[in-house]
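First up is the structure itself, then whatever we jot down about it.
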Amino acid sequence: MTPLHEVIINNKTSIKPVWIMRQAGRYLPEFREIRKNNPNFIELCLNDKLSSKITLQPIRRFSLDAAIIFSDILMLPYGLNQKVEFKKNFGPVLGNLDITAMSKIDDIDFVEKIYPVYKAIKFVSSEMNLTNKNTIGFVGAPWTLLVYMINQQSPKKSVKKNFFDDEYLINRILLIIEKFLKVHIRNQVENGANVIQIFDSWAGLLEERDYPNYIYTPTLNLVNFVKSLNVPVICFPREIKNYKEFCEIVKPDAISIDYNVDPLFIRKNIKIPVQGGLDPKILLTDQENLKKQTKKYLDIFKDHPYIFNLGHGILPETNIEMVECLIKTIQDF
Ligand code: 1CP
């Protein structure tokens, strides 16, 4: 069994596997080298030779326990024919959403449009299987995708004022998102992804009274779907106000926590395996501080099934030596 499966499925506490959110990305010089010659981010995600290579870059460099496929949560709206572009120093920009056209798209159109993502997963997972490591497939949670698809850019601190005006439209979009998230997850699993992570990066934007409609119900549907494929599912409802309630209702196989939540509260109140927590900004300080903060999480979760990770993606300005120090600290513990 792989280290991640030992923790998530068997609740093993004697090992602390590690992977890093956004591990394949801009802090790596070898990634920036490829990126320099490939200005179109979506095209890069759809180049299975290069996306496989990028996915494996951190695996070759560091002693990590899992690969996460180099792709993006916005491949879903892209696969549904909504225009998606990544503007330098700005982030994603999406085109207008045509609900009538979107309603006519079928599974085959969708899969055909993003097929290289699955091809890359197939190649990467065949490599990872040789060393008994996991290949993590992922999707954006329905709420977070809805935010990007309607807001058409990053919401930063809040969604547009009139966001919730057309509830009928929102519900129709949510149904389409859910349907194709299942298609996307199924294809990732069929091609070798053996853990699925659901990123709800904008969960923190909602009021608690809206959690049932926009977070709990649609995420529970997805979690049940992943479970039906016999693959463990990790949820990351970033900055949600009540992790405990989320876990009790949605019942993921593991929960990934952000850096604003108190890890002691989590250990005390949450029984399922936990992942992450360390503030990525700690990697911008010094090695002594990094070791201290890393050991804090390792100590707290010593007797709890725990996968080491950060509380959000690794920052582009992170030094390689700090990543090495982080991994060594975990593996020496
Ligand atoms: O070089 C570049 O400019 C591209 C930067 C980049 C990268 C490396 C983007 C644009 N996406 C990615 C890859 C990516 N995105 C991965 C790959 C695997 C890995 O982790 O190594 C993953 C899992 C994602 C997931 C993702 N994309 C999320 C969820 C996680 C999170 O960070 O909260 C979100 C919100 C996105 C949208 C997105 N894509 C890219 C950016 C800059 C953003 C965020 C923009 C925003 O702030 O709204």
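The values are calculated or read from the model by the stated rules, or taken from the named source; none is laboratory data. Quick caveat: nothing in here was measured; it's all calculated off a predicted structure. Every residue, glycine among them, receives a Cβ derived from its backbone with ideal geometry; neighbour counts consider all protein chains shown. Please note that ligands, DNA and RNA were not included when accessible areas were found on the heavy atoms of the full protein model with its side chains. Shrake-Rupley method; radii C 1.70, N 1.55, O 1.52, S 1.80 Å.
Filter the stretch 245-303 for residues that are aromatic (Phe, Trp, Tyr) and more than 19 Å from residue 20 (Cα to Cα) and give the result.
Answer for the stretch 245-303, where residues must be aromatic (Phe, Trp, Tyr) and more than 19 Å from residue 20 (Cα to Cα): 246, 265.
When you go through 242, 221, 230, 191 one by one, which is the residue that is modelled with pLDDT of 95 or more, away from the ligand (no atom under 15 Å from the Cβ), in contact with a Lys or Arg (Cβ under 6 Å, 6 or more places away or on another chain) and not charged (D, E, K, R)?
Sole residue among the options that is modelled with pLDDT of 95 or more, away from the ligand (no atom under 15 Å from the Cβ), in contact with a Lys or Arg (Cβ under 6 Å, 6 or more places away or on another chain) and not charged (D, E, K, R): 191.
Among the residues of the stretch 1-24, which ones are within 17 Å of residue 137 (Cβ to Cβ) and in a helix (DSSP H, G or I)?
Within the stretch 1-24, 4, 5, 8 qualify.
One residue is enough: does the stretch 294-315 have a residue meeting the conditions part of a helix (DSSP H, G or I) and closer than 28 Å to residue 143 by Cα?
no
When the stretch 115-154 is examined, which residues are found to be in a strand (DSSP E or B) and open to solvent by 10 Å² or more (accessible area, probe 1.4 Å)?
Of everything in the stretch 115-154, those that are in a strand (DSSP E or B) and open to solvent by 10 Å² or more (accessible area, probe 1.4 Å) turn out to be 138, 153.
Can you pull out the residues in the stretch 88-105 that are open to solvent by 30 Å² or more (accessible area, probe 1.4 Å) and either within 21 Å of residue 146 (Cβ to Cβ) or touching a strand residue (DSSP E or B) at 6+ places or on another chain (Cβ under 7 Å) (or both)?
Answer for the stretch 88-105, where residues must be open to solvent by 30 Å² or more (accessible area, probe 1.4 Å) and either within 21 Å of residue 146 (Cβ to Cβ) or touching a strand residue (DSSP E or B) at 6+ places or on another chain (Cβ under 7 Å) (or both): 90, 93, 96, 97, 98, 100, 101, 103, 104.
Among the residues of the stretch 193-205, are any in contact (Cβ under 8 Å) with a residue 60 or more places away in the chain and more than 15 Å from the chain's Cα centre (by Cα)?
no
Assuming residue 179 fulfils every condition listed in (1) closer than 22 Å to residue 8 by Cβ; (2) within 20 Å of the chain's Cα centre (by Cα) apart from one, which condition is it?
So the condition that residue 179 fails would be (1).
Given the criteria farther than 25 Å from residue 278 by Cα and at pLDDT below 95, does residue 87 qualify?
Yes: the conditions hold for residue 87.
Whether any residue in the stretch 98-107 is within 24 Å of residue 156 (Cβ to Cβ) and more than 14 Å from the ligand (Cβ to nearest atom) is what I want to check.
no
So is residue 314 surrounded by fewer than 21 Cβ atoms within 10 Å (Cβ to Cβ), more than 25 Å from residue 207 (Cβ to Cβ) and touching a residue at least 24 places away in the same chain (Cβ under 8 Å) or not?
Spelling it out, it is not the case that residue 314 is surrounded by fewer than 21 Cβ atoms within 10 Å (Cβ to Cβ), more than 25 Å from residue 207 (Cβ to Cβ) and touching a residue at least 24 places away in the same chain (Cβ under 8 Å).
If I ask for residues that are part of a helix (DSSP H, G or I), of a type outside the set (Ser, Thr, Tyr) and more than 9 Å from the ligand (Cβ to nearest atom), which ones from the stretch 42-74 would you list?
If the condition is that a residue be part of a helix (DSSP H, G or I), of a type outside the set (Ser, Thr, Tyr) and more than 9 Å from the ligand (Cβ to nearest atom), then 42, 43, 48, 49, 50, 53, 56, 57, 59, 60, 61 are the ones that fit.
Suppose we keep only residues that are under 23 Å from residue 69 (Cα atoms) and among the aliphatic types (A, V, I, L, M) within the stretch 9-26. Which one would you say is farthest from the ligand (Cβ to nearest atom)?
Out of the qualifying residues, it is 9.
Here are some residues: 278, 264. Which one is touching a helix residue (DSSP H, G or I) at 6+ places or on another chain (Cβ under 9 Å) and open to solvent by 10 Å² or more (accessible area, probe 1.4 Å)?
The unique qualifying residue is 264.
Can you confirm whether residue 60 is touching an Asp or Glu at 6+ places or on another chain (Cβ under 9 Å), among the basic types (Lys, Arg) and modelled with pLDDT of 95 or more?
yes
For the stretch 131-179, name all the residues that are closer than 30 Å to residue 194 by Cβ and free of Cβ contacts under 8 Å to residues at least 12 places away in the same chain.
Listed by number, the residues that qualify are 131, 175, 179.
Which ones in the stretch 67-79 are under 13 Å from the mean Cα position of the chain (by Cα) and either among the small types (Gly, Ala, Ser) or at pLDDT below 95 (or both)?
67, 71
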